[in-house]
1. So, of the residues in the range 78-110 that are of a type in the set (D, E, K, R) and over 16 Å from Lys3 (Cβ atoms), which turns out to be surrounded by the fewest Cβ atoms within 10 Å (Cβ to Cβ)?
2. Just for the range 59-85: of the residues that are of a type outside the set (Asp, Glu) and in contact with a helix residue (DSSP H, G or I) (Cβ under 6 Å, 6 or more places away or on another chain), which one is nearest to Ala11 (Cα to Cα)?
3. Every residue in the range 127-155 that is modelled with pLDDT of 65 or more, touching a Ser or Thr at 6+ places or on another chain (Cβ under 8 Å) and among the hydrophobic types (A, V, I, L, M, F, W, C), please.
4. If a residue has to be in contact with a Gly (Cβ under 9 Å, 6 or more places away or on another chain) and either outside the structural domain of Arg52 (by TED's automatic domain parsing) or among the acidic types (Asp, Glu) (or both) to count, how many in the range 74-109 make the cut?
Amino acid sequence: MAKEAVISTEAVNSYGSRVITAGIDTAQYERNPVLLWMHRRSWEAGAMPIGRMENMRREGDRLIGTPVFDLNDEFARQIADKWENGFLRMVSAGLEPMEQTDDPALVLPGQTRQTVTKSRLIEVSVVDIGGNDEALQLYQDGKALLLAAGEECESLRLLKKENEPDAGTAPDNEPGAEPVEEKNKPQTTTLQMNKEILILLGLPETATEEQAVASLRLMKERADRADEIQLSAITAAVDSAVAEKRIMADQREHFIGLGKAAGLDNLTATLRLMPVMQKPTDVIKLGRQSAPGAGAGTDRKEYTKLSEVPGAELIRLRKENPEEYARLYKAEYSVDCPPLED
């Protein structure tokens, strides 16, 4: 005869909570009542379903069912043998909390979290060793909930502490006492934070929440100021490059974006490598010796009249830059230069 198993009860479980059996929705699960091993859900060896649950029903505050093992699967057959021989005797429900309450009427001794009044059964697993007879696996959005002692969770909140006076009211054991003053109330509690985070913040392990928040706020303000200074320097470098005619004005936003991504130093180095743009007339105005790429040691020379131009340069100037030749001719003779013939 197949052995039945208690899937869930209303006792305090290993999470410090309790689940109301009448509020467990099994409708969706019973469409495909898979039985797992140790809440493992994948297609790896030993992690696929090992059977199904049958004859599920509620008896008082207990949810009961009968495990049926897939004897065609070697691993499932091993688990079935251990189940039938009494070496494995516990199953665990995988539940997703839907509604919970901190109603004192539903709180049992030792309970630290709210009572789950409505939940959905996701899966049932055979387990080796549970924290107690009411061990559960809880899920949220399809993922297992890993709750440490005292850790807050939206899906399964900690119970409010009893006998804790509200702000501005007198304690119950002091009738008629004046409201508690702010200076007499504890300002904060010691944070249970990762020691490495506190070290990175430059705070001792005993730092309060206010100190941690103040440190984080200061770090953010400094980072914001650094970003503003960096952006200002990047913008100034780009505007300077536009003024020097190293880049076109319509390229301004592109190079500002480049500076944000690559940093000020890399941007400045890039802009320095870009030559100053010149007009064609600026390049050929005074001949080959003044053009970019002219031999080292050649001096740029500007002529005011034709007689200052050397003979060899005069012939080349007449042929390659007739406008400049005509300008110097007029400066020399005070009359327009006659049409030049080749």
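The values are calculated or read from the model by the stated rules, or taken from the named source; none is laboratory data. Here the structure is a predicted model, which is why all the values come from computation and not from measurement. Virtual Cβ from ideal backbone geometry, glycine too; neighbours counted across all protein chains shown.
1. Across the range 78-110, the extreme among qualifying residues is Asp103.
2. Restricting attention to the range 59-85, the residues satisfying the condition of being of a type outside the set (Asp, Glu) are 60, 62-69, 71-72, 75-80, 82-83, 85.
Those still in the list that are in contact with a helix residue (DSSP H, G or I) (Cβ under 6 Å, 6 or more places away or on another chain) too: 63, 69, 71.
Working: Leu63: 12, Phe69: 28, Leu71: 33 Å.
Within the range 59-85, the match that is nearest to Ala11 (Cα to Cα) is Leu63.
3. Within the range 127-155, Val127, Leu136, Leu138 meet the criteria.
4. Result for the range 74-109: 2.
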